[in-house]
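As structure tokens, the structure follows; a few thoughts come after it.
The values are calculated or read from the model by the stated rules, or taken from the named source; none is laboratory data. Just so it is clear, the model here is predicted, and its values are computed rather than measured. Counting neighbours? That spans all protein chains shown, and the Cβs are built from the backbone with ideal geometry, glycine included.
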Amino acid sequence: MPLDNIFAEMLERVRAANEALIAAGVLPSGIDQSRVTVEPPRDAAHGDMATNAAMVLAKDASRKPRDLAEMIAERLRADTLVDRVEVAGPGFINLTLRPAAWIDALQAALKLGGDYGRSDIGADMPVNVEYVSANPTGPMHIGHCRGAVFGDALANLLVFSGFKVTREYYINDAGVQVDLLARSAFLRYREALGENIGAIPEGLYPGDYLKPVGAALAAEYGDSLAKQSEVSWLPLVRDKAVVMMMAMIRADLAALNVKPDVFFSERSLIWGGEDQVGATIESLRQRGYVYEGRLPPPKGAPADDWEDREQMLFRSTAFGDDVDRPLKKSDGSYTYFASDIAYHRSKLERGFRELIDVWGADHAGYIKRMQAAVAALSDRSAGLDVKVVQLVKLLRAGEPVKMSKRAGEFVTLREVVDEVGRDAVRFMMLFRKNDAVLDFDLVKVLEQSRDNPVFYVQYGHARAQSVFRNARAAFADLPQDIAQLTGAADLARLSDPAELALMRQIALYPRVVASAAAAHEPHRIAFYLFDLASEFHALWTLGNASPHLRFIIQNDRQLTEARLVLVQGVATVLASGLALLGVEAPNEMR
RNA sequence: GCGCCCGUAGCUCAGCUGGAUAGAGCGCUGCCCUCCGAAGGCAGAGGUCAGGGGUUCGAAUCCCUUCGGGCGCGCCA
């Protein structure tokens, strides 16, 4: 029987034991088992797994935790997977599994291959993951990078867990920023016509990347635009510039292997006389969440131009926000928030019940109002989870890399990817919790040592492949596909504690994937892979001092085959996890 | 002033949504290895989980509060 998720399996068995106790009248019927868990204990002396069942159920059962634990333990002792059961501490039930259980788990991993760890807990629920959403006003810089990688990896994780995922990029192409972009591009256009434009004025975009836009405009329109007034050339120039900027951004994303399914234009919300923003406000108004009123002036950050006025407000305080939020500016146009509500309404109308937004740290103050809006629009039936990714501090051998946005001299994403490679960037962006500030050292990520987790994990996979190459040299008739050994090999030969430890680590993978997906925390995969690689390298190292623990034993083909299966298990999981992170699993290190 | 995030070993950080005696890497100390099974190994020291209070069988984790750091606070997006 394959154990594709041994922890989930044991949880079922613990619950079954409790059901038996209900049938026996020891536990009251209808008792809530939802808080019962089966976890790997921190301390290996406590066995392979521990369940809190007795402690969680004790109160409802009106029994002492330890007494109840003994009764549950008695049932579990009969389990075929279980070797030893002990009641410990305040009422933990510690389980030690038979080696055969871990062997079953290893076999399941190999049988499933790239599908090991995959689950259907998402039940095909449509989830929208919106990430990056950088303004289309220039190339992506390193600050955008983390959100892009995070969103992409999270999407991978959710797909793997059975959700129906749409990856989405929101193009902010409707505000003042893109008008500034158009004016900047217009200067480059005049420059392309031969005019000396001098220095780019303060407030416009100075970067050289707009020169091709100017050249393209000159090629397309000749000097005709130069004679027109701004009102007539601006829309043309803006559209051209946005299209070319988006092409650049797509290319930047592609360098990271990030490929959104949908690029959603903010301006499309108000195209062709169809005012979706107005419709959205109307829909909120019908629900009673829009009113005309006054706001208190913001404290602490005194605005000299504060004007106390009656304005159109969204009652976000009805959903836990601190203050109601304006929907229209003083000139009567919609606020960014208003169109953002309309955008999120579009997501709801497209059938998504679970929305995930990935934002930069500077937008954190925006979360409550957006969640309020989603709750209001969906009558609380849909959820919005906002993942805030914190700043990336770029270092070179410990020294901060200067990045000033002025004069366009920011560090672009492309520069970084070109310097250290996509894999290093992607892995390191995920080797930290999203809400913690991240140090990214351009020198360290290229080191070939244990200090560098990217290297260490990839090397684990490469080393496994190297074992197979050497094994084929030693035993010429080994099958090309090592996984074919799974059925034939006598895995009971894997009995060394270090080998069992590795099997336990492999068995943990589906559990890690499930919890990372549920928590929307892809970094857990990265840390898990580092642990798995560490265990694997440790076993390899044991072979130095103890040749009988090497993977390839010349005069014992049977043992070699068993160990190759174990190594294949490691390689399978490393490759799977790296794929979730969007990082290559190399066959050799160069 | 208010809101959000963070505060865990000298440093950089994990800690599986409340579990048992809080972990890893680096650095430090002491041994070993340094014939490509190369891109090191073993052991050790090192903690008031920022401080205080609360919730309960049980708190680094949840709540309140104080301190320290970061981000933000109509008419930018």
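At a glance:
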| read-out | value |
| --- | --- |
| Residue in the stretch A:434-464 that is nearest to the chain's Cα centre (by Cα), counting only those that are among the polar types (S, T, N, Q) and within 9 Å of RNA strand B (Cβ to nearest atom) | A:Asn434 |
| Every residue from the stretch A:500-516 that is crowded, with 23+ Cβ neighbours inside 10 Å and either more than 10 Å from RNA strand B (Cβ to nearest atom) or closer than 25 Å to A:Thr96 by Cα (or both) | A:Leu502, A:Met503, A:Ile506, A:Ala507, A:Tyr509, A:Pro510, A:Val513 |
| Any hit, the stretch A:474-494, residues being within 10 Å of RNA strand B (Cβ to nearest atom) and either in contact with a helix residue (DSSP H, G or I) (Cβ under 8 Å, 6 or more places away or on another chain) or among the basic types (Lys, Arg) (or both) | yes |
| Those residues of the stretch A:281-303 which are loosely packed, with under 11 Cβ neighbours inside 10 Å and more than 8 Å from RNA strand B (Cβ to nearest atom), in sequence order | A:Gln286, A:Gly288, A:Glu292, A:Pro296, A:Pro302 |
| Sole residue being within 33 Å of the chain's Cα centre (by Cα) and either more than 9 Å from RNA strand B (Cβ to nearest atom) or modelled with pLDDT of 90 or more (or both), chosen from A:Val87, A:Val26, A:Val38, A:Val82 | A:Val38 |
| Some residue of the stretch A:399-412 being of a type in the set (Phe, Trp, Tyr), in contact (Cβ under 8 Å) with a residue 12 or more places away in the chain and assigned to a loop (DSSP other than H, G, I, E, B) | yes |
| Long-range neighbours under 6 Å by Cβ, at least six apart or interchain, first residue within 22 Å of A:Leu157 (Cβ to Cβ) and acidic (Asp, Glu) within the stretch A:350-378, second within 11 Å of RNA strand B (Cβ to nearest atom) and not in a helix (DSSP H, G or I) | A:Asp357/A:Val386 |
| Any hit, the stretch A:172-190, residues being under 30 Å from A:Leu580 (Cβ atoms), within 16 Å of RNA strand B (Cβ to nearest atom) and either surrounded by fewer than 18 Cβ atoms within 10 Å (Cβ to Cβ) or at pLDDT below 95 (or both) | yes |
| Number of the condition not met by A:Gly383 [criteria: (1) over 27 Å from A:Phe440 (Cα atoms); (2) surrounded by 19 or more Cβ atoms within 10 Å (Cβ to Cβ)] | (2) |
| Condition broken by A:Asp531, with the remaining ones in (1) among the acidic types (Asp, Glu); (2) within 12 Å of RNA strand B (Cβ to nearest atom); (3) buried (at least 18 other Cβ atoms within 10 Å of the Cβ) satisfied | (3) |
| Qualifying residue in the stretch A:131-140 (condition: small (Gly, Ala, Ser) and assigned to a helix (DSSP H, G or I)) | no |
| Filter result for the condition that a residue is surrounded by fewer than 17 Cβ atoms within 10 Å (Cβ to Cβ) and within 16 Å of RNA strand B (Cβ to nearest atom), over A:Glu266, A:Glu310, A:Glu274 | A:Glu310 |
| Residues satisfying the stated conditions in the stretch A:149-159, i.e. away from RNA strand B (no atom under 16 Å from the Cβ) and either surrounded by 24 or more Cβ atoms within 10 Å (Cβ to Cβ) or touching a residue at least 60 places away in the same chain (Cβ under 8 Å) (or both) | A:Gly151, A:Asp152, A:Ala155, A:Asn156 |
| Subset tally (residues that are over 19 Å from A:Asp423 (Cα atoms) and either among the aliphatic types (A, V, I, L, M) or in contact with a Cys (Cβ under 6 Å, 6 or more places away or on another chain) (or both)) for the stretch A:534-590 | 14 |
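Residue by residue, here is whether (1) of a type outside the set (A, V, I, L, M); (2) more than 27 Å from A:Ala483 (Cα to Cα); (3) surrounded by 18 or more Cβ atoms within 10 Å (Cβ to Cβ) holds:
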{"site": "A:Met71", "(1), (2), (3)": "no, yes, yes"}
{"site": "A:Leu76", "(1), (2), (3)": "no, yes, yes"}
{"site": "A:Thr80", "(1), (2), (3)": "yes, no, no"}
{"site": "A:Ala88", "(1), (2), (3)": "no, yes, no"}
{"site": "A:Ile93", "(1), (2), (3)": "no, yes, yes"}
{"site": "A:Ala105", "(1), (2), (3)": "no, no, yes"}
{"site": "A:Gly113", "(1), (2), (3)": "yes, no, no"}
